[in-house]
Amino acid sequence: MTPGGPVGLRRVEAAKVVEHRDATLVLGGDGRVHRFPADSGALVAEVMRLLARPRSRDELHAALTERFEDVGTNTGTIDQAIEHLKGVGAIAAPGPSASPHSHAHARGSGRKVVLGLTGAVATAMSPHLAATLVGAGHTVRVAMTKAARRFVTPTALEVITHQPVVRGLWHRTPELPTPHINLAEWAEAVVVCPASATTLSRLARGDCSDLVSALAVATSAPVVLMPSMNAAMYEAPAVQRNLELLRDDGFHVVLPGFGHEVAHAPSQRAPAMGPAPGPREVLAVLEAVLQTASVPRSPQMAEWDARYRELEPEQMPWHTDVLDGDLVDVLSVLPRPQNVLDLGTGLGTVARELARRGLTVTASDLSAVALSRAQTTVAGLPVKLVHDDITRTRLVGPFELVLDRAVLHLLPEAQQADYLRCLSRLVPRGSHLVVKVHAADEQRFDTRKFTAEALEQLLAPAFEPVRITDSSLPGPVTPPAKALLGVFRRAG
């Protein structure tokens, strides 16, 4: 295969290019600086510019031929430049992050995040953190203590987030008449970064005298605390006692990172533990917490746990040992997805069959007992089992395919809007939802029944129908339950 053939090439995000009149410097992914003299440097710089988006070798060759007259007669020069840049980690074959839909994926994964800023000096760096969270697709609202405003202006954060910054308990607006409660209820996660020793003390004591501590105490969303302070302060017994209390109270407490103590003169600074982690690390921690935070309990969880504890597979009307034939047909014609979500996986049959077809599967269920039983079914396969309520999901996504075999028709009407809202966030534009529900003329089960028109109306306008057909739900019941199979595309 020629370099950069059918798979194409892209510029590695970490790679940097510095152009000068007599040379081009490339800072590669290997951490080293590579110098290219003037002539070859101009070619290398143009390659790096062109590969800001993925291109095939032929596309790259055509573009370079237009730019450099002598390149068309010496294609080996291009190949040498490509191989050199690949060798230093400056370009690579595109992975999932470089797909044409990567931006849509990022937007599809967003959560509602409150960023709490305190009087730690690292607040001066918070615009970068806010931009990183927004860039990952999250909707970010910033809450500041009075001390935080010494280090950063609200205007800078409002420009980045396109959301008004809330500056105190009494900074009320028509939208936020009681800011700490309104933000606490709105948030799907609260990140206090940096968390000063003073704020940690307030939270440990239940002191709600400022905005950040009040909303962190009031919210039911996961709260991530990123301590940031001098290493000696962090190690102090009082601070360690507070951190222990906060961990026991259910806060997610992150170990500080490494950095320089700004209280010291620049010439005397040395790396030491104390600062909050950098923006990329904060983002990674946030998404890990969202994936693993405990699921809010609901009456349905207890009911489904009892069913899966008491019933054998042949007693479960919804259970099947093989993937439905029409679902196999749908998978054969849809674009191959990178990530699949199997909703209501039960004993794991659908997840197992998807994984056997080479797909990476997240399999969720309301019942922890079902997931425990499903572990045997999916053992050794690329399946991640997640305890989750799709109407209050903590999944991050994105998922290019969501397969719902008999979940939607179990939901009370009051939860259907939450189901749609959560799926709309998890499924990026152009990706697919495949859903099976009991048909209107199936009367044997206590579920919600659907006509094709009702199913289409429920999922609109977020999802547009590709097709809705008569189907069945195979299982122990004879004859199989009458159903509808709907294939929908995420609109946008």
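Derivation of every value follows stated rules applied to the coordinates shown; laboratory data play no part. Since the structure is predicted, the reported quantities are computational estimates derived from the model, not experimental observations. Note that we place each Cβ from the backbone using ideal geometry, even for glycine, and neighbour counts take in every protein chain shown.
What shape does the chain take by its C-alpha gyration tensor, where a ≥ b ≥ c are the square roots of the eigenvalues and a/c under 1.5 counts as rounded, a/b above b/c as prolate, and the rest as oblate?
Values: a/c = 2.18, a/b = 1.15, b/c = 1.89.
It is oblate, given that a/c is not under 1.5 and a/b is not larger than b/c.
By the scheme Lys and Arg +1, Asp and Glu -1, what is the net charge of all other residues having a beta-carbon under 9 Å from that of ALA481? Numbers along the way, then the final one.
On the way: positive: ARG444, LYS482; negative: GLU442.
My count for the surroundings of ALA481 gives +1.
How much net charge surrounds GLY168 when only the other residues with a Cβ under 13 Å from the Cβ of GLY168 are counted, with Lys and Arg +1 and Asp and Glu -1?
Numbers: positive: LYS146, ARG149, ARG167, ARG172; negative: ASP210.
That sum, taken over residues with Cβ under 13 Å, equals +3.
Within segment 323-356, find all residues whose amide N lies under 14 Å from a label point positioned 7 Å from the Cα of GLU314 along Cα-to-beta-carbon.
Answer for this model: none.
Sorted by packing (mean other beta-carbon atoms within 10 Å per residue), highest first, where do 35-43, 176-184, 116-124 land?
On the way: 35-43: 15.1, 176-184: 18.3, 116-124: 24.6.
Highest-to-lowest ranking by the protection proxy: 116-124, 176-184, 35-43.
Determine the sum of side-chain charges near ILE390: Lys and Arg each +1, Asp and Glu each -1, restricted to other residues whose C-beta is under 12 angstrom from that of ILE390. Don't skip to the end; give the middle numbers.
Values: positive: ARG392, ARG394, ARG421, ARG425; negative: ASP342, ASP365, ASP388, ASP389, ASP404, ASP418.
Combined, the nearby Lys, Arg, Asp and Glu give -2.
Once the piece of chain linking VAL159 and GLN457 is laid out straight, how much longer is it, given 0.36 nm per residue of separation minus the C-alpha distance between them? Mind showing how you got there, number by number?
Working: separation 298, 0.36 × 298 = 107.28 nm, distance 3.73 nm.
Between VAL159 and GLN457, full extension yields 103.5 nm more.
In nanometres, what is the gap between the two model label sites at VAL328 and ALA302, each 7 Å from Cα along Cα-to-Cβ?
So the label points at VAL328 and ALA302 sit 4.2 nm apart.
In nanometres, what is the gap between the two model label sites at VAL477 and ALA288, each 7 Å from Cα along Cα-to-Cβ?
It works out to 4.4 nm between the two label points.
Gain in length, ALA38 to ARG421, computed as 0.36 nm per residue apart minus the alpha-carbon separation, to one decimal in nm? Don't skip to the end; give the middle numbers.
Numbers: separation 383, 0.36 × 383 = 137.88 nm, distance 5.46 nm.
Length gained, ALA38 through ARG421: 132.4 nm.
Could you give the length gained on full extension between ALA14 and THR77, defined as 0.36 nm per residue of separation minus the Cα-Cα distance, in nm? Display every interim value, and only then the final one.
Numbers: separation 63, 0.36 × 63 = 22.68 nm, distance 2.44 nm.
Full extension from ALA14 to THR77 adds 20.2 nm.
Lysine pairs, Cα distance under 29 Å, 8 or more residues apart or cross-chain: how many in the chain? All intermediate terms of the calculation are to be shown ahead of the outcome.
Numbers: LYS16/LYS86; LYS112/LYS146; LYS112/LYS384; LYS384/LYS436; LYS436/LYS449; LYS436/LYS482; LYS449/LYS482.
So the count of such lysine pairs works out to 7.
For segment 351-406 and segment 203-243, what is the separation of their C-alpha centers, rounded to whole Å?
Here the answer is 35 Å between Cα centres.
If you average over every viewing direction, what projected area does the convex hull of the Cα atoms of segment 333-460 give, in nm²?
Details: hull surface 32.5 nm².
Approximately 8.1 nm², given one-decimal rounding.
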